[in-house]
């Protein structure tokens, strides 16, 4: 039943390579560090954890509540909202999201003016939506692990970003991590 945890956790581990861009670039050179991160995160990490989620959805598991039309519509709204935030993040950050480098510069425009981690915020919304659409124990476990991984990954990434871009420390003080501040 919980075999989906194997690809999910392996994928998260590979995906975490981007949090060590400074370290791998010092070890392997700038180009080597960038390639290392791209291969581990984009070629291995994301596809492997996606297989873990697909396996969690397909796993025989107990429903925690009966899905209704309302929970399904709400789930899809969360998924669409999350996808919209992720797309806005990719538009703002462009290629930096796919291939982090020690030469990256701080992005403060677009959605990054209001959120430090819109890609992760979007993922949290999508995971919430996935559970509302498919409220099984296996999906809940996968989604909770995904949110926990996002929290850890964001913190590790921030430690790396402060090393690569000293201005990031000030940015952290000004812009919230996952949820924007709505001032009157």
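Just so you know, all these numbers are worked out from the coordinates, no wet-lab data involved. Owing to the predicted nature of the structure, the values given are computational and were not obtained by experimental measurement. Cβ sites come from the backbone with ideal geometry, for glycine too, and all protein chains shown count toward neighbours.
One table, with the values for the structure above:
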read-out	value
Exposure proxy ranking, count of Cβ atoms within 10 Å, fewest first, for 133, 69, 143	69, 133, 143
Inter-part distance where the stretch 147-184 and the stretch 81-133 are each reduced to a Cα centre, Å	12
Label-point separation in nm, residue 72 to residue 99, each point 7 Å along Cα→Cβ	4.2
Rg(Cα)/(2.2 N^0.38 Å) for the stretch 5-174, N = residue count	1.10
The chain: relative contact order as a whole-number percent, Cα under 8 Å and 6+ apart	28
